[in-house]
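The values are calculated or read from the model by the stated rules, or taken from the named source; none is laboratory data. This structure is a prediction, so every number in the text was calculated from the model and none was measured. Please note: Cβ atoms are built from the backbone with ideal geometry, for glycine as well, and neighbour counts cover all protein chains shown. Accessible surface areas use protein heavy atoms only, side chains included; no ligands, DNA or RNA. Shrake-Rupley method; radii C 1.70, N 1.55, O 1.52, S 1.80 Å.
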Amino acid sequence: MEWLVVVLNFIGQQILNVPAYLVGIITAVGLIALKRPAGAVIGGGLKAALGFLILGAGAGVVVGSLTPLGNLILLVTGAQGVIPTNEVITALASVEYGATSAYVLTLGFLVMLALARFTPLKYVFLTGHHMVFMALLLSVVLSVGFGPDLNWLVVLIGALLLGVIMVVMPAFAHPWTKKITGDDTIAIGHFGTLGYIAAGAAGQATGQKSHSTEKIDFPQGLKFLRDSMVATAISMVLIYMVFAIWGLIALPQQEALGIFGSADVGAYIMAAFAQALQFGVGVAIILYGVRTILGELVPAFQGIAEKVVPGAKPALDIPLVFPFAANAVLIGFLASFLGGLVSLALLAVWLGPVFGLALILPGMVPHFFTGGGAGVYGNATGGRRGAVVGGFVNGVLITILPAILLLVLGELGFANSTFGDADFGWFGTLIGVSLLSGVPAIGAILTVLIAVVLVVVASIFQIRVVNKGWLPGAKRDAWLASEAEKAEAEKAAEKAAAKEAAAPTAETNA
């Protein structure tokens, strides 16, 4: 059976773990189902894969520009604790649980397709690296819960849980996703979904009379800030300069210069400036990659919907929503980071000493991607206020939930790392708690029950809420409509007044 482990590990790690390959294959399958010619199938599949590679390249640029900023912030503030990093804990856990997670990943993908085919949850999760992260999390938690002699049970239940979580979370988020995109063709497949739903709900509650982040009325001299790429770059320049100067003041000069590998202060300042501009470049690349993917994948999914999984919707990574509200991405990122700092203080002062929770330091990368997404969701239902509050709520979630999950993972030997995004926190903790009895039969029943309950609740939500077309933020929509009517009435009144003022002059001239 060793060869089967090798094959499954290859499929899981080298294909399903690479979103570009997975999306390219899915696109090609859809085009084949549409009976497109071979050239169109190859070209469409390659272009979709290239779009994801472009998106990944943009994400790499963003990560590269945020990493030194994160290091700088930690050094100048002197913060100590755990920075949640999915990739780090995955690398640690895969040494012992890699083979098990390969089985869970492969079978879980098949479970997802079956659920999409035979339940109302018509979502196909295509964010490959998040599949790998969740498969490994489930493999670790279940392996310790059931013991080494029941690996077959770990694989079966792990695959069931993975398949379930990949179809239910896009369903729960879909009303807010439709609010953002304006249609029903695509969904979000990312395990930060609880944060996005919370952001959308927070925006709905707090921003009923708030205009969109994309309609900020800049003064005449600041009209250039309407360009989201320019606004993003300038904002990051300001942030970088503040912490770069703080670093020169708070740190020994050589230590500060070493952050960017600079020879002198001038090179240090310009290196910080260049990294800030690189951030703007990375965001622009991400937006282009998203547009490229959608141009190929959405039409191809018509074929999948018709032939393989009728009515299927692709569930894609969170940068998918960034082009719909680019200003909200930056606002959500900053608000999420602030939420992380406030939650860190809460952990240090109260939750840590009382409940034994570790200090979770805010990582720039998770706060950018999940915070930026939360900003877009908050903006969709609550405008500018919603983007701020939604991003802040997300920052709290991705700080507190990883701290709770760390209690579970700490007992498993991974106390120095934890998963970062919201869904890993609540789902991993829930599964871990269900196994506390130490009796495999009870643990198996409880975990299967969790899977069944999630599918049933999500199916009811899909039928009664999503399929009936409910969209959040109705009160704000009504307010925006009334504001638009008032603006039109004011314009009409101004035109009428101008016409009346011009009439006597015309008569006098006559």
How far is it, in nm, from the label point at residue 67 to the one at residue 482 when both lie 7 Å from their Cα along the line to the Cβ?
5.2
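Say R0 is 45 Å: what FRET efficiency, to the nearest 0.05, do residue 264 and residue 354 get from their beta-carbon distance? Kindly include the intermediate steps, with their values, before the conclusion.
Values: r = 47 Å, r/R0 = 1.06.
Calculated value: 0.40.
What's the Kirkwood radius of the chain in Å, using all Cα pairs? List each step's numbers first, then the result.
Working: mean 1/r = 0.0411 Å⁻¹.
Computed over Cα pairs of the chain, the Kirkwood hydrodynamic radius comes out at 24.3 Å.
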Could you bin all the Cα-Cα distances of the range 89-167 into 5 Å bins starting at 0 and give me the percent of pairs in each, rounded to whole numbers?
3, 19, 29, 22, 15, 8, 4, 0
Can you compute the charge dipole magnitude of the chain about its Cα centre, using +1 on each Lys and Arg Cβ and -1 on each Asp and Glu Cβ, nothing else charged? Give it in debye, rounded to the nearest 20.
1080
What shape does the range 1-158 take by its C-alpha gyration tensor, where a ≥ b ≥ c are the square roots of the eigenvalues and a/c under 1.5 counts as rounded, a/b above b/c as prolate, and the rest as oblate?
oblate
From zero outward in steps of 5 Å, how is the percent of C-alpha pairs of the range 247-300 spread across the bins?
4, 18, 18, 12, 10, 9, 8, 7, 6, 5, 3, 0
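Full extension from residue 183 to residue 426: what is 0.36 nm times the residue separation minus their Cα-Cα distance, to one decimal in nm?
Details: separation 243, 0.36 × 243 = 87.48 nm, distance 2.91 nm.
Taking 0.36 nm per residue and subtracting the Cα distance, the gain is 84.6 nm.
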Two decimals is fine: what's Rg over Rh for the range 136-207, C-alpha atoms, Kirkwood radius as Rh?
1.17
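Please work out the FRET efficiency for the pair residue 439 and residue 47, using the Cβ-Cβ distance as r and a Förster radius of 56 Å; give the result to the nearest 0.05.
On the way: r = 52 Å, r/R0 = 0.93.
Rounded to the nearest 0.05, the efficiency is 0.60.
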Cα pairs beyond 13 Å in the range 171-218, in percent, come to 62
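Can you give the relative contact order of the chain as a percent, counting alpha carbon pairs under 8 Å and 6+ residues apart?
Numbers: 913 pairs, mean separation 125.8, N = 510.
Dividing the mean separation by the residue count of the chain yields 25 percent.
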How far apart, in nm, are two points set 7 Å out from the Cα along the Cα-to-Cβ line at residue 346 and at residue 229?
3.8
At residue 273 and residue 238, where each label point lies 7 Å from the Cα along Cα→Cβ, what is the point-to-point distance in nanometres?
1.8
Per residue solvent-accessible surface (Å²) - the chain, probe of 1.4 Å:
42
Hydrodynamic calc, the range 340-425: Kirkwood Rh from Cα pairs, then Stokes-Einstein at 25 °C with viscosity 0.890 mPa s, so D in µm² s⁻¹ is 186
Between residue 460 and residue 209, what is the FRET efficiency for a Förster distance of 30 Å, r being their Cβ-Cβ separation, to the nearest 0.05?
0.40
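Only sites in a loop by DSSP and with at most 16 other Cβ atoms within 10 Å count here; which trypsin sites (Lys or Arg not before Pro) in the range 421-478 make the cut?
Qualifying residues, ordered by number: 468.
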Using alpha carbons only, how many degrees (0 to 90, rounded to 10) separate the axis of helix 326-346 from the longest principal axis of the chain?
60
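Run the accessible area of the chain with a 1.4 Å probe and give the carbon-and-sulfur part as a rounded percent.
On the way: 14720 of 21570 Å².
It is 68 percent, rounded to a whole number.
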